[in-house]
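Below: the structure, in C-alpha cells.
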Amino acid sequence: MFKHEELALMSGASALVAFSFLVYNVHITKSADHLSFIWIFLVIIAQSLMYAYGKINKVHGLYIPATVYILGLAYILYVKTIYKETNKIEEELKDKNIIK
C-alpha cells in the first residue's frame, strides 16, 4: 500500500487547523464577502476530487480531512448566500420598527 500514510494525515490535520481559523472568522463576523464564489467552488471541486481519490485508494489521511473541508466550505457558502439575505431582511424590519 502507501508508505508513511501518517504524513498525509499530519499534513491534512495541519491544513485543517489553518482552515479552521478561516471558518471561525467567517462564523464570528457572519461575513464571507472577502471570498469569491469562484474560489469557494474551485476549492469544493478540489476537495471533492481529493475525497474521491482518497476513498478509492483507501487513504484515510486524504479523504477524512477532505470531508471536513467540504463541510466547512458548505458553511462558508451558506453564510455568503443565505445569511447575508437573512441579515438584510432583519435590518429592513428594524428600520420599519416592526422588530427590535
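What follows is calculated from the coordinates using simple rules that are stated; it is not laboratory data. Quick caveat: nothing in here was measured; it's all calculated off a predicted structure. So basically every Cβ, Gly included, is an ideal-geometry build from the backbone, and we count neighbours across all protein chains shown.
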*Which percent of Cα-Cα pairs in segment 5-95 sits in each 5 Å bin, short to long?*
3, 14, 21, 21, 15, 11, 7, 4, 3, 2, 1, 0
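Relative contact order of the chain, please, whole-number percent, based on alpha carbon pairs below 8 angstrom and at least 6 residues apart.
35 percent
Calculate the FRET efficiency for residue 4 and residue 53 from the Cβ-Cβ distance with a Förster distance of 22 Å, rounded to the nearest 0.05. Walk me through the intermediate numbers first.
Working: r = 17 Å, r/R0 = 0.78.
Approximately 0.80, to the nearest 0.05.
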*asked:* Testing the spin-label approximation: label points 7 Å from Cα along Cα→Cβ at residue 100 and residue 88. State their distance in nm.
replied: 2.8 nm
*What ranking, highest mean first, results for peptides 13-23, 68-78 when packing means the other Cβ atoms within 10 Å averaged over each residue?*
68-78, 13-23
*Using +1 at the Cβ of each Lys and Arg and -1 at the Cβ of each Asp and Glu in the chain, identify which of 36, 69, 99 lies farthest towards the dipole's positive end.*
69
*Any chance you could run the full-extension gain for residue 14 through residue 39? It's 0.36 nm times the residue separation minus the Cα-Cα distance, nm to one decimal.*
6.9 nm
